[in-house]
C-alpha cells in the first residue's frame, strides 16, 4: 500500500501568499507598454511557486521516495528513492537558524534529506521507524508551524491592504 505525504498546507499557503503579496501590485504600477509582459510574468511566477511547493513523499512496504515536479527538477531538486533495507542511520546536522535537518544515510554512504514539512509527519516518522528499526521520536518539524501560519496571515493582510490602496 502506497502512502503519500504532501507538504503541509500552511507551508504551501505561506509561500504562495507571500509571492502574491510581493508581486500583485506590479502589473498595476507597470508602465503601459509593459503591462502585458508583467501580467504574463506574474502568472508564470504563480504557476512556478504552486508547482515547486507540490513535491511529496511516498512510502510503501519496500521503499521511501521523494517525488518532485518537472519544474523542481529543472531548478535542481531531484527525485530519490531508497529501499528501507538500505537505510543505515538517520543523522542530524544543525542549521544556521538553530534548527536541525535530518538525513537518511544509506549503506553506500549516500545522504538524502528527510522532508520535515509534511502533513501527517508523525505518521510518516512511524512508518520510517517501523521499516528501518531506527528511533525517530527525536525528529521534529524544521520550524514551528505557527511561523508559517503567521506568515500566511501577514501576507493576506498585505494583499488586503494593497487591494484597499488600489481601490481608493
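Where does the range 1-87 land on Rg(C-alpha)/(2.2 N^0.38 Å)?
Rg over 2.2 N^0.38 Å, computed on Cα atoms: 1.47.
Once the mean 1/r over all distinct Cα pairs of the range 6-51 is inverted, what Kirkwood radius in angstroms do you read off?
11.3 Å
Using the 10 angstrom Cβ neighbour count as an exposure proxy, how do 166, 10, 70, 141 rank, fewest first?
70, 166, 141, 10
Between helix 35-52 and the chain, what is the angle of the helix's C-alpha long axis to the longest principal axis, kept within 0 to 90° and rounded to the nearest 10?
For helix 35-52, the angle is close to 20 degrees.
So, R0 is 45 Å and r is the distance between the beta-carbons of residue 107 and residue 150; what FRET efficiency does that work out to, to 0.05?
Result of the calculation: an efficiency of 0.65.
Neighbour counts of other C-beta atoms within 10 Å: give me 167, 151, 44 arranged from fewest to most.
167, 44, 151
Would you list 32, 55 from fewest to most Cβ contacts within 10 Å?
Going from sparsest to densest Cβ surroundings: 32, 55.
Relative contact order for the chain: what percent, with Cα pairs under 8 Å and sequence separation of 6 or more?
About 26 percent, as a whole number.
Can you tell me how much longer the chain between residue 162 and residue 81 gets when fully stretched, taken as 0.36 nm per residue apart minus their C-alpha distance, in nm with one decimal?
24.8 nm
Return the ratio Rg/(2.2 N^0.38 Å) for the range 3-167, where Rg is computed over Cα atoms only.
Output field value: 1.26.
To one decimal place, what orientation-averaged projected area in nm² is obtained for the convex hull of the Cα set of the range 75-168?
So the mean shadow area of the Cα hull is 8.7 nm².
Taking every alpha carbon pair in the range 67-121, what does the distance histogram look like in 5 angstrom bins from 0, in percent?
Once binned at 5 Å, the Cα pair distances of the range 67-121 give 4, 16, 20, 24, 23, 12, 1.
A short reminder: the numbers here are calculations on the coordinates, not readings from a lab. Just so you know, these numbers come straight off a predicted model, no measurement behind them. All Cβ positions, glycine included, derive from the backbone under ideal geometry; neighbour counts span all protein chains shown.
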